[in-house]
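Derivation of every value follows stated rules applied to the coordinates shown; laboratory data play no part. Keep in mind it's a predicted model, so treat the numbers as computed, not measured.
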């Protein structure tokens with residue numbers, strides 16, 4: 001009887017796991033066995049300043065495509081002066097995970113990231129700060145591991161929540177300008193509230209407890 005109960009319990013768990021998409025970091029991330037099994041990771045962008053579009057596959061057959069990553073770095077250049085900086089492949093992975101999560105919720109919609117800001121050179125960052133733009137003195141945009149985005153047809157609240165639920169970096173919310181900031185910056189912590197000893201920043205909003213256990217647009 002014990003074996004029979006264990007069998008039915010296992011089958012129920014498998015069926016439930018297959019039918020209900022999880023929003024947890026592990027399920028929506030691109031690491032471990034899931035990443036090893038992926039053949040391609042493709043992202044689509046539209047630059048709101050240069051009006052350039054880009055569809056790029058930066059991961060093929062278990063490895064990063066160096067040419068594609070260089071293309072991304074050039075695409076996300078500082079539009080004010082043309083300066084190019086290497087863009088973090090980890091940032092692309094956060095976007096890819098976020099894209100996959102949104103696609104599961106909106107299967108009929110093409111997810112295109114509209115870019116408000118990619119790489120920002122120190123010169124541009126200093127100029128914007130001097131003009132009262134509110135940019136951080138040590139902005140992650142200058143490191144090539146931050147991006148400001150929105151997705152047409154998807155509320156910035158839903159985009160913000162989905163990016164946060166990846167638990168792979170900081171997420172800022174700019175309600176007035178209608179965009180979301182995403183970066184890969186983490187801080188080590190011994191606070192037991194943050195699993196894995198990593199703490200991620202959230203600004204412009206306060207994540208609700210249990211947010212990632214339900215629909216991200218709730």
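Points worth noting:
- 29 Å tail of the calculated P(r), region 30-213, as % of Cα pairs: 19
- Antiparallel content of DSSP bridges confined to region 30-213, in %, to 5: 80
- Pairwise centroid distance, computed over Cα atoms, of region 55-96 with region 134-149, Å: 16
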